[in-house]
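The structure is given below, and queries will be raised subsequently.
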Amino acid sequence: MVGSGSGPVNLNRYRKAKARADKKARANENAAKHGRTKAQKAVERADKARADRLLDGHRTELE
């Protein structure tokens, strides 16, 4: 094995990297399945802001 050019392989590093990659792939699947796009979030924020402004316009002042 002298002069083979490859040193010892750190299996823990490989195992952890694979686990991180698997977790990231699963998270991306769940985000696609259950999440909302940035555009959908923006539309919902705009609708909520519009409803809040409308409600504030109809609010009466009690003194």
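The values are calculated or read from the model by the stated rules, or taken from the named source; none is laboratory data. Source: prediction; values computed, not measured. Reconstructed Cβ throughout: ideal geometry from the backbone, glycine too, with neighbour counts over all protein chains shown. Side chains are part of the model used for accessible areas, which takes the heavy atoms of the whole protein and leaves out ligands, DNA and RNA. Shrake-Rupley method; radii C 1.70, N 1.55, O 1.52, S 1.80 Å.
What is the total of Lys pairs in the chain with C-alpha atoms under 17 Å apart, excluding same-chain pairs fewer than 8 positions apart?
Working: LYS16/LYS24; LYS23/LYS33; LYS24/LYS33; LYS33/LYS41; LYS38/LYS48.
Close lysine pairs under the 17 Å cut-off: 5.
Something else: Between the range 48-63 and the range 11-46, what's the alpha-carbon centroid distance in Å?
Result: 38 Å between the Cα centres.
Output the 0 to 90 degree angle, nearest 10, between the alpha-carbon long axis of helix 11-34 and the longest principal axis computed from the alpha carbons of the chain.
That helix lies at roughly 30 degrees to the long axis.
Further question on the same structure: In Å², what does the accessible area per residue of the range 20-63 work out to with a 1.4 Å probe? Numbers along the way, then the final one.
Details: 4560 Å² over 44 residues.
With all protein chains present, the range 20-63 gives 104 Å² per residue.
Just subtract the alpha-carbon distance of ALA49 and ALA31 from 0.36 nm times their residue separation and send over the number in nm, one decimal.
Values: separation 18, 0.36 × 18 = 6.48 nm, distance 2.53 nm.
Fully extending the segment from ALA49 to ALA31 adds 4.0 nm.
Also, I was wondering about something else. Leaving out ligands, DNA and RNA, what percent of the accessible area of the chain is carbon and sulfur, probe 1.4 Å? Show your work: numbers first, answer last.
Numbers: 3650 of 6570 Å².
The computed percentage sits at 56.
Taking trypsin sites (Lys or Arg not before Pro) as candidate sites, keep only those in a DSSP loop with at most 13 other Cβ atoms within 10 Å, then name the longest stretch of the chain containing none of them. Walk me through the intermediate numbers first.
Values: sites that count: ARG36, ARG59.
Within the chain, the longest run free of exposed trypsin sites (Lys or Arg not before Pro) spans 1-35.
In degrees, nearest 10, range 0 to 90: what is the angle between the Cα axis of helix 38-58 and the longest Cα principal axis of the chain?
Its long axis makes an angle of about 20 degrees.
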